[in-house]
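For reference, the structure discussed in these notes is given below.
The values are calculated or read from the model by the stated rules, or taken from the named source; none is laboratory data. Owing to the predicted nature of the structure, the values given are computational and were not obtained by experimental measurement. Every residue, glycine among them, receives a Cβ derived from its backbone with ideal geometry; neighbour counts consider all protein chains shown.
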Amino acid sequence: MSKHILVTGGAGYIGSHTVRLLIKEGYKVTVLDNLVNGHKESVPDGVEFVELDLGEREVLTKFIEHNNFDAVIHFAAFIEAGLSMKEPEKFFENNCVNGTNLLNAMVASNLKTIIFSSTAAVYGDPVSASIKEDHPLNPVNHYGRTKLIFENILSMYAETHGLKYTSLRYFNAAGADPSGEIGEDHDPETHLIPLIFRTALGKRKSISIFGTDYDTKDGTCVRDYIHVNDLAQAHILALEKLFETGEGDIYNLGNGHGFTVKEVIEAAEEVVGHLIPKEEDSRRKGDPAVLIADSEKIKSKLGWQPKYTSIKDIIETAWKWHKDNPGGYEG
Ligand code: UFG
């Protein structure tokens, strides 16, 4: 019988891509999402969908008790670093407290296998050119802090309750499924690539470049962009490993190449075939200058290999989604 996976935040950007891949790989999937940031339209037909907030402790506990899940993939969280600096309490409540509700409900039902969406934001300002998993953990924004707190909670539950978990620390997720059926749609949108395309589509006057005085080759921030389907693939591999051996771990996920904000805009201009209006702006609070992953560990231990290694290919898949869905899921 196929294994049954509960995907929290499965109607979100990375969650919805992972759900598609899980189904392709023969898993049975239930999506749990409160639809605050997720999109019901992204849940494929035939997949069970439950609208529930992880803050609803009792309902959640009963729901997990009444199902026979084999594992959880936990995406549900607030993700926006800038916002976390203004409203840390909301991030703590959702990312730490509600996440712990999920773990308690799991433990109560003897469900002990979980993959957690962590982030490169747990590292803060890098002290090395590329970041390995043993890099110091000094997040510079509250978002990264809440994700690190939850990684620590997972480790406590592993020690005390025998939880088996893997944390995947994503660098900058980008792109969309080439089918064009699902893509990135946040409200408000704060991410660079979707905002570039909104500008290209005439929905914004210009794209702001946040900071041009960083110590990088053109003064703008460097990020490691990783295709969302490559991220999804890593979840499948991590899950298989947990099922086979019960051994969890912490892995970085990036391409290992950094691109400046200006380079990303240039690549997008090449893809859309025209210049995109841009303006230089001041630095955004909580932004490290450079974030580049060393993902050798997941490559060697789980055999993960990103399929999308060129920034242009990644951006092309994103453009297909944005061009065909200029208003996002709502049209
Ligand atoms: N940027 C601009 N203008 C914009 C938006 C962004 O110049 O209008 C810049 C940012 O300053 C940053 C880069 O583009 O230097 C990328 O910014 P994003 O907002 O797209 O992504 P972040 O790097 O801030 O954050 C993303 C995810 C986080 C994750 C982090 C890890 O949103 O969840 O990557 O690297 F933690």
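Please find, within the range 41-62, the residue that is nearest to residue 181 (Cα to Cα) out of those that are in contact (Cβ under 8 Å) with a residue 24 or more places away in the chain and touching a strand residue (DSSP E or B) at 6+ places or on another chain (Cβ under 7 Å). Once the filter is applied, the top-ranked residue is 43. Taking the criterion of being in a helix (DSSP H, G or I) and surrounded by fewer than 23 Cβ atoms within 10 Å (Cβ to Cβ), the residues of the range 106-124 that qualify are 107, 108.
For the range 286-328, the tally of residues that are acidic (Asp, Glu), over 18 Å from the mean Cα position of the chain (by Cα) and either part of a loop (DSSP other than H, G, I, E, B) or buried (at least 20 other Cβ atoms within 10 Å of the Cβ) (or both) stands at 0. How many of the residues in the range 125-136 are surrounded by 14 or more Cβ atoms within 10 Å (Cβ to Cβ) and under 20 Å from residue 286 (Cβ atoms)? Residues flagged as surrounded by 14 or more Cβ atoms within 10 Å (Cβ to Cβ) and under 20 Å from residue 286 (Cβ atoms) within the range 125-136 amount to 3.
Find the residue count for the range 148-205, including only residues that are surrounded by 15 or more Cβ atoms within 10 Å (Cβ to Cβ), among the polar types (S, T, N, Q) and within 16 Å of the ligand (Cβ to nearest atom). Counting residues in the range 148-205 that are surrounded by 15 or more Cβ atoms within 10 Å (Cβ to Cβ), among the polar types (S, T, N, Q) and within 16 Å of the ligand (Cβ to nearest atom) gives 3. Given the condition in a helix (DSSP H, G or I), β-branched (Val, Ile, Thr) and under 30 Å from residue 283 (Cα atoms), answer yes or no: does some residue in the range 97-105 qualify? Checked the range 97-105: no residue is in a helix (DSSP H, G or I), β-branched (Val, Ile, Thr) and under 30 Å from residue 283 (Cα atoms). The residue that is nearest to residue 125 (Cα to Cα), among those in the range 243-290 that are modelled with pLDDT under 95 and touching an Asp or Glu at 6+ places or on another chain (Cβ under 7 Å), is 288.
Please work out if residue 247 is in a loop (DSSP other than H, G, I, E, B), away from the ligand (no atom under 12 Å from the Cβ) and either in contact (Cβ under 8 Å) with a residue 60 or more places away in the chain or closer than 30 Å to residue 73 by Cα (or both). Against the criterion (in a loop (DSSP other than H, G, I, E, B), away from the ligand (no atom under 12 Å from the Cβ) and either in contact (Cβ under 8 Å) with a residue 60 or more places away in the chain or closer than 30 Å to residue 73 by Cα (or both)), residue 247 qualifies. Within the range 110-117, is even one residue closer than 30 Å to residue 215 by Cα and within 16 Å of the ligand (Cβ to nearest atom)? Yes: the range 110-117 contains one or more residues that are closer than 30 Å to residue 215 by Cα and within 16 Å of the ligand (Cβ to nearest atom). Checking each residue in the range 91-123 for being over 15 Å from the mean Cα position of the chain (by Cα) and closer than 23 Å to residue 291 by Cα picks out 91, 123. Checked against (1) touching a residue at least 12 places away in the same chain (Cβ under 8 Å); (2) within 16 Å of the ligand (Cβ to nearest atom); (3) out of contact with any strand residue (DSSP E or B) (no Cβ under 7 Å at 6 or more places or on another chain), residue 25 passes all but condition (2).
Based on what the data block shows, is residue 230 more than 11 Å from the ligand (Cβ to nearest atom) and outside any loop (DSSP other than H, G, I, E, B)? Against the criterion (more than 11 Å from the ligand (Cβ to nearest atom) and outside any loop (DSSP other than H, G, I, E, B)), residue 230 qualifies. In the range 58-91, which residue that is in a helix (DSSP H, G or I) and within 16 Å of the ligand (Cβ to nearest atom) is modelled with the lowest pLDDT? This residue is 82. Filtered by the rule that a residue be of a type in the set (Phe, Trp, Tyr) and within 19 Å of the chain's Cα centre (by Cα), the range 139-189 gives 143, 150, 165, 170, 171. Do any residues in the range 256-269 that are of a type in the set (Phe, Trp, Tyr) have Cβ atoms under 6 Å from those of residues that are modelled with pLDDT of 95 or more and assigned to a helix (DSSP H, G or I), where the two are at least six apart or on different chains, and which pairs are they? Within 6 Å, the pairs are 259/311. Kindly check whether there is at least one residue in the range 119-141 that is within 11 Å of the ligand (Cβ to nearest atom) and among the charged types (D, E, K, R). No, the range 119-141 contains no residue that is within 11 Å of the ligand (Cβ to nearest atom) and among the charged types (D, E, K, R).
Could we say that residue 263 is touching a strand residue (DSSP E or B) at 6+ places or on another chain (Cβ under 9 Å), outside any helix (DSSP H, G or I) and surrounded by fewer than 20 Cβ atoms within 10 Å (Cβ to Cβ) here? Against the criterion (touching a strand residue (DSSP E or B) at 6+ places or on another chain (Cβ under 9 Å), outside any helix (DSSP H, G or I) and surrounded by fewer than 20 Cβ atoms within 10 Å (Cβ to Cβ)), residue 263 does not qualify. Taken as a whole, the structure leaves residue 232 outside the set of residues that are at pLDDT 95 or above, more than 20 Å from residue 14 (Cα to Cα) and in contact with a helix residue (DSSP H, G or I) (Cβ under 8 Å, 6 or more places away or on another chain).
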